[in-house]
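Data block below; observations after.
The values are calculated or read from the model by the stated rules, or taken from the named source; none is laboratory data. Quick caveat: nothing in here was measured; it's all calculated off a predicted structure. Don't worry about glycine lacking a Cβ; one is built from the backbone with ideal geometry, like all the others, and counts go over all protein chains shown.
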Amino acid sequence: MTTPRAQQYTEGQGREPEHTHPAVVHTHDHYHVSHRHRSGVGAVAGEWEHRTYWHTHEHNHNELTHSHDYGQQDEEAEHAKEAHIHDHLAPATSPA
C-alpha cells in the first residue's frame, strides 16, 4: 500500500524563491538533536539542554518544495550540517 504524497507549496516567499529539490539517496554525516532535562536540586521545569550526536550511512530525502532567506548555494553547501529525521531500520527508503 502506498500513501499519496501531499502537494507542497509555500504560503510566503523568502528572499530565495520557491523551489523544489528532487528526491535523493546519498551519504554524509547527519545530526540528531535531543532535549535533555536537567534534573536534580534546583532544576526547574523548562531547564533543558540540547544533546547532539551524528553518524553516517546512506539515507534518503524525499522531494521538498520550499523557500528560505539564504541562498540556494548555501543550502547545497551546508546540507550536511543539518539535522535529519529518517527511519533507521530503512534509512535509504524512509518516509520521513
Which residue pairs have Cβ atoms closer than 9 Å, lie 6 or more positions apart in sequence or on different chains, and pair a first residue in the range 78-96 that is within 12 Å of His61 (Cα to Cα) with a second residue that is assigned to a loop (DSSP other than H, G, I, E, B) and small (Gly, Ala, Ser)? His84/Ala96; Ile85/Ser94; Ile85/Ala96; His86/Ala92; His86/Ser94; His86/Ala96; Asp87/Ser94; Asp87/Ala96
Tell me which residues, restricted to the range 49-77, are assigned to a strand (DSSP E or B) and surrounded by 12 or more Cβ atoms within 10 Å (Cβ to Cβ). Trp54, His57, His59, Asn60, His61, Leu64, Thr65, His66, Ser67, His68
Of the criteria (1) part of a helix (DSSP H, G or I); (2) at pLDDT 90 or above; (3) among the small types (Gly, Ala, Ser), which one Ala80 fails: (2)
Which residues, counting only those in the range 14-40, are touching a residue at least 24 places away in the same chain (Cβ under 8 Å) and assigned to a loop (DSSP other than H, G, I, E, B)? Gly14, Arg15, Pro22, Ala23
Counting just the residues of the range 1-32 that are among the hydrophobic types (A, V, I, L, M, F, W, C) and at pLDDT below 90, which one comes out surrounded by the most Cβ atoms within 10 Å (Cβ to Cβ)? Ala6
